[in-house]
Every structure is written in C-alpha cells, then in structure tokens.
Amino acid sequence: MSTLTPDDIDFLHRPLHGFLTVAAGPVPPQPRPVWFELADDGTVQVFTEPGSAKVRRLAKDPRASLVVAAPVGERERWISVAGPVTVEPDGARELCDRLAARYWDLDDPDRAADLAAMRAGELVRIVLHPEQVARVGY
C-alpha cells in the first residue's frame, strides 16, 4: 500500500478531471470522466445520480479506481487511487456546489443554470477510500 504524498495532495487539489472506473463494470472496464474532490480525511469524493450505472455496479462490487493526469503541455504525470467505496446519501449537493465553483465560472449565467439543474435532481456521494496509490512523474 502506498499513501498520498504532499505533492500528490497538491496535484489532486487542482481542478483536473479524474477518470473513475468501477469494478463491476463491463469488460473491458469503461472509465468515465468525473469531477472529484480530495477530502481532508484522504478520501476521494464524486457525486452522481442514485440511479446511475456507477451506483448500480458499485452495489454489486464496491471497488473503484480514479486516475488523474496532468493536462497536455505539462510534464507527464498521473496518480491512481484505488480501493473500496461507499455510496453516501448525504453531502452530495454541497459537494456538487464546491466542485461546480472549482471547475466553472459561476458568474456565467449559463453555468449557474447548469448548476441549478444538477442540484434539482437527487444526488449521492461516492466516497473512494484509497488503499492503493500509484503514480508516474514529478
């Protein structure tokens, strides 16, 4: 098992997209781009609708991984975290608000409307509890 280093934490606090793969998905696995947040307790959180394919697959096998890579133009770097997940009914709207502010300019009326539409539906939090960390670059 590897743990997140201070450099990993700085990297994961950037507004980058992560690619989430759940264990019970199709073969071959089909990662999906997601917004994510590294929480103070070291977990990684995303939000989604409770009826999403991710949530259905996690009910069968509650394991996932998230890969985050540096954007084009930067030196090659990526971090992968993997481990068990929990699906939490609380805190998803607050997470959605924080991530929207991180990834979008909410002064833009179109983005503010997009956020309102996301918040109008039911949301849950997927919380990844990292047991394995892998990385390349620095």
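Some values worked out for this structure:
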{"read-out": "Spacing of the two label points (7 Å from each Cα toward its C-beta) at Leu16 and Glu49, in nm", "value": "2.9 nm"}
{"read-out": "Surface accessible to a 1.4 Å probe, per residue, for the residues of the chain, Å²", "value": "57 Å²"}
{"read-out": "Sulfur and carbon atoms: percent of accessible area, segment 1-43 [1.4 Å]", "value": "58 percent"}
{"read-out": "Local net charge near Gly121, Cβ-Cβ under 13 Å (Lys/Arg +1, Asp/Glu -1)", "value": "-1"}
{"read-out": "Radius 13 Å from Cβ of Gln30, net charge of other residues (Lys, Arg +1; Asp, Glu -1)", "value": "+3"}
{"read-out": "Other-chain or far-sequence residues with amide H under 5 Å of Arg63's (modelled H)", "value": "Ala23, Ala24, Val85"}
{"read-out": "Global geometry of segment 59-138, whether rounded, prolate or oblate, following the gyration tensor of its Cα atoms and the 1.5 cut on a/c", "value": "oblate"}
{"read-out": "Cα centroid separation, segment 116-138 to segment 29-59 (Å)", "value": "4 Å"}
{"read-out": "GluC sites (Glu not before Pro) within segment 1-84, DSSP loop, no more than 10 other Cβ atoms inside 10 Å", "value": "Glu74, Glu76"}
{"read-out": "Those residues of segment 50-74 whose amide nitrogen sits under 14 Å from the label point placed on Ala23, 7 Å along Cα→Cβ", "value": "57-66"}
{"read-out": "Reduced Cα scattering model of the chain, Debye log10 I(q)/I(0), q = 0.12, 0.15 Å⁻¹", "value": "-0.48, -0.75"}
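The values are calculated or read from the model by the stated rules, or taken from the named source; none is laboratory data. Because the structure is predicted, anything quoted here is derived from the model rather than measured. Cβ: placed from backbone, ideal geometry, glycine included. Neighbour counts: every protein chain shown. Each accessible area value is taken on the protein alone, full model and side chains, heavy atoms only, with ligands, DNA and RNA left out. Shrake-Rupley method; radii C 1.70, N 1.55, O 1.52, S 1.80 Å.
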